[in-house]
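**Q** Submitted below is the structure of interest, expressed as structure tokens.
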Amino acid sequence: MKAIFSDRWAAGALLLSLALFAALEMAATDAQDEEWARLSDCLSEPDRFAGRAVLLPSVRILGEGWVESDRLRVRVVGLPASRPGEYAHVLGRFEKEGHVTARRVDVVPGLRTLRLLMYGISAAVVLVLAFLALRRFRWSLHEGLFEARGRG
């Protein structure tokens with residue numbers, strides 16, 4: 001266990017962490033696909049997906065019950081009165097006729113601003129971590145990929 005946290009195995013530990021994170025993300029995506037049907041699948045095969053639960057995250061409200069998700073437009077029955085251009089999360093049931101009956105709708109005011117703020121904070125964290133990594137290691141392609149400072 002001590003070797004994983006040493007400077008010698010830092011690149012391996014980083015790759016192992018990234019691989020485990022990717023595996024976790026894939027498992028979460030598979031679990032979500034089993035629980036909720038995708039809108040594109042529902043619209044392409046309405047008979048097969050009739051009655052299945054569908055989750056529409058971050059859909060743009062177009063007005064009069066219509067929403068747009070991933071460039072697909074669908075009518076949502078039970079959508080509360082909202083201004084066109086607002087964003088909402090819709091959980092509902094897909095109907096054979098090609099529309100979604102909403103069970104829960106959460107209108108999110110200012111979702112675009114919140115996303116920009118989240119992306120900005122994430123980019124700042126990545127830059128700080130990259131700066132700390134550059135200060136921690138000497139980068140030399142002639143002597144190997146990297147070497148910890150202060151070690152001889």
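**Q** Counting only the backbone N, which residues of the range 22-64 are under 15 Å from the spot 7 Å out from the Cα of GLU86 toward its beta-carbon?
**A** 58-64
**Q** What is the antiparallel percent of DSSP beta bridges lying wholly in the range 39-108, to the nearest 5?
**A** Here the antiparallel bridges make up roughly 90 percent for the range 39-108.
**Q** Once phi is turned into ³J(HN,Hα) by the Karplus curve 6.51 cos²θ - 1.76 cosθ + 1.60 with θ = phi - 60°, what whole-Hz value does each residue of the range 61-69 show in order, with x for glycine and proline?
**A** 7, 9, x, 6, x, 9, 10, 10, 9
**Q** Quote the Stokes-Einstein diffusion coefficient, in whole µm² s⁻¹, for the range 39-108, based on the Kirkwood radius over alpha carbon pairs, a temperature of 10 °C and a viscosity of 1.306 mPa s.
**A** Numbers: Rh = 11.7 Å.
The Stokes-Einstein estimate is 136 µm²/s.
**Q** Same structure again: If neighbour count is taken as other Cβ atoms inside 10 Å, put HIS99, HIS89 in order from fewest to most.
**A** Arranged by neighbour count, lowest to highest, HIS99, HIS89 become HIS89, HIS99.
**Q** Still on this structure, I have one more. For the pair ARG75/TYR119, report the inter-label distance in nm, with labels modelled 7 Å from Cα in the Cβ direction.
**A** With each label placed 7 Å out from Cα toward Cβ, I get 3.4 nm.
**Q** Taking 7 Å along the Cα-to-C-beta vector as the label spot, tell me the ALA50-SER17 distance in nanometres, rounded to one decimal.
**A** Taking the two extended label points, one gets 5.1 nm.
**Q** Same structure again: In what order do LEU116, LEU72 fall by count of nearby beta-carbon atoms within 10 Å, going from fewest to most?
**A** So the ranking, lowest neighbour count to highest, is LEU116, LEU72.
**Q** Per 0.36 nm of contour for each residue apart, how much would the distance between ALA28 and PHE131 grow if the chain were fully extended, relative to their Cα-Cα spacing? Present the calculation step by step, with values, prior to reporting the outcome.
**A** Numbers: separation 103, 0.36 × 103 = 37.08 nm, distance 3.12 nm.
So the extension gain works out to 34.0 nm.
The numbers here are math on the coordinates, done by the rules we state, and not lab data. Keep in mind it's a predicted model, so treat the numbers as computed, not measured. Note that each Cβ is placed from the backbone with ideal geometry, even for glycine, and that neighbours are counted across all protein chains shown.
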